[in-house]
Amino acid sequence: MAKGRNNLLGVGGQRKKLSRADQQGAGSARVADRKVAEDKKQELVRKMRERAEAQAAATAEPSADHDGSPAQS
């Protein structure tokens, strides 16, 4: 048997050091920052989808009106 097999010190990764406020349950600004970042990301995704839909609708309209006949001036 290998020496030190019963010594599992360090197995399982490192724990994050908690600040005094985190230990007391006050929460941190990091949680609020993540929420703000997530809100900004959702807003950006919504705007991008709206632009893509508008662009798809704009490109679909001329092709639907075009029936193959020459344009009249």
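The values are calculated or read from the model by the stated rules, or taken from the named source; none is laboratory data. Treat the numbers as computed from the prediction; the structure is a model and nothing was measured. Positions of Cβ are generated from backbone atoms using ideal geometry, with glycine treated the same way; all protein chains shown enter the neighbour counts.
What are the residues in region 27-49 that are β-branched (Val, Ile, Thr) and either at pLDDT 90 or above or outside any helix (DSSP H, G or I) (or both), if any?
Within region 27-49, VAL36, VAL45 qualify.
Look through region 15-26, keep the residues that are assigned to a helix (DSSP H, G or I) and either charged (D, E, K, R) or exposed (fewer than 10 other Cβ atoms within 10 Å of the Cβ) (or both), and return whichever of them is farthest from the chain's Cα centre (by Cα). Restricting to residues being assigned to a helix (DSSP H, G or I) and either charged (D, E, K, R) or exposed (fewer than 10 other Cβ atoms within 10 Å of the Cβ) (or both), the top hit is ARG20.
Restricting GLN72, GLN14, GLN24 to those that are out of contact with any His (no Cβ under 7 Å at 6 or more places or on another chain) and modelled with pLDDT of 70 or more reduces the list to GLN24.
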